[in-house]
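Note sheet for the following structure.
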Amino acid sequence: MSRVLIIFGTSYGQTEKIARRIGADLETAGTAVEYCNAAKDHPSMDLKQYSAVVVGSSLIARGAQKSIQQFVSANAGVLNEVPSVYFQVSASAGSASQEGRNAAWRAIEGFLKHQHWAPKLTASLAGAINYTKYPFLLRWYMKRAAARNGGNTDTSRDHELTDWKQVNQFAADVTSLVASVPEAASEPALRR
Ligand SMILES: Cc1cc2nc3c(=O)[nH]c(=O)nc-3n(C[C@H](O)[C@H](O)[C@H](O)COP(=O)(O)O)c2cc1C
């Protein structure tokens, strides 16, 4: 049976929600999925023993989550060997302007270049603006940023920007990638 690790970094839960949507597709296809919050847990096996590793991070202050930066930095060599995938979740990916969406991709490209990591698939996915969960100052700051970028400034509720059709398509691409990995590659090497 194929085994896939989905490791994510999140502040307010949207990246985990997307990670679990991708994982549900894999599970439906008969793949065992292990979820790992990079800030709290460690993968249960050596990374080479997974059929594929899916890494997801939200974009915070123009950078990936610290826990994901640390994970990728410590494992870039292996991530270049096993089939790996990266998805970034951000507000700018949901921007109405091309300039905003380009900024999200620039952050992905900068991160991958800095980490010397070349995943087989990448995606820039829109996240959420969770005004009701932010402390006062952050709510004020995020409202200002939204006003600047044409986003929603109604702080009385949260705003999900995620395009679930895009997430479903990406989940299907990840599932196809995993299906193309020979199953034996995911089993620990036989000792003779
Ligand atoms: C403190 C903070 C900083 C953020 N900085 C950025 C940013 O630089 N660029 C961007 O596009 N989105 C930014 N966002 C929006 C997040 O990427 C978006 O809310 C995402 O859905 C968060 O996902 P999470 O809940 O999994 O952490 C920021 C959000 C917060 C709370």
key: Peptides 96-103, 74-81, 167-174 ordered by average Cβ neighbours within 10 Å, highest first   = 167-174, 74-81, 96-103
request  = Compute the accessible area per residue over segment 37-133, keeping the other protein chains in place, probe 1.4 Å, unit Å².
outcome  = 48 Å²
query = Tell me, what is the FRET efficiency for R21 and N80 to the nearest 0.05, using R0 = 22 angstrom and their Cβ-Cβ distance as r?
reply = 0.25
remark   = GNM of the chain, Cα pairs under 10 angstrom: of S84, S180, S58, the biggest fluctuation goes to S180
The chain: angle of helix 164-179 to the longest principal axis, Cα-based, in degrees nearest 10 = 10 degrees
ask   = Residues with beta-carbon under 14 Å from that of G63, excluding G63: net charge, scoring Lys, Arg +1 and Asp, Glu -1?
value = +3
note = A chain fully extended from A118 to L137 at 0.36 nm per residue, minus the present Cα-Cα distance, gains in nm 3.1 nm
message = Tell me the carbon and sulfur percent of the accessible area for the chain, rounded to whole percent, probe radius 1.4 Å.
response = 51 percent
query = Counting Lys and Arg as +1 and Asp and Glu as -1, what is the net charge of the other residues whose Cβ lies under 13 Å from the Cβ of A38?
reply = -1
request  = Please determine, in degrees from 0 to 90 and to the nearest 10, the orientation of helix 136-148 with respect to the longest principal axis defined by the Cα atoms of the chain, where the helix direction is its Cα long axis.
outcome  = 80 degrees
request  = Multiply the residue gap between H42 and D158 by 0.36 nm, knock off their C-alpha separation, and tell me the result in nm, one decimal place.
outcome  = 38.7 nm
message = Tell me the angle of helix 14-28 to the major Cα principal axis of the chain, expressed in degrees between 0 and 90 and rounded to the nearest ten.
response = 30 degrees
query = Hey, what's the per residue convex hull volume over the C-alpha atoms of the chain, in cubic angstrom?
reply = 113 Å³
query = Once fully extended, how much extra length lies between E99 and A172, figured as 0.36 nm per residue of separation less the alpha-carbon to alpha-carbon distance?
reply = 23.5 nm
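The values are calculated or read from the model by the stated rules, or taken from the named source; none is laboratory data. Note that the coordinates shown come from a computational prediction; the quantities given were computed from them, not determined experimentally. Counting neighbours? That spans all protein chains shown, and the Cβs are built from the backbone with ideal geometry, glycine included. Heads up: the accessible areas ignore ligands, DNA and RNA and are worked out on the full protein's heavy atoms, side chains in. Shrake-Rupley method; radii C 1.70, N 1.55, O 1.52, S 1.80 Å.
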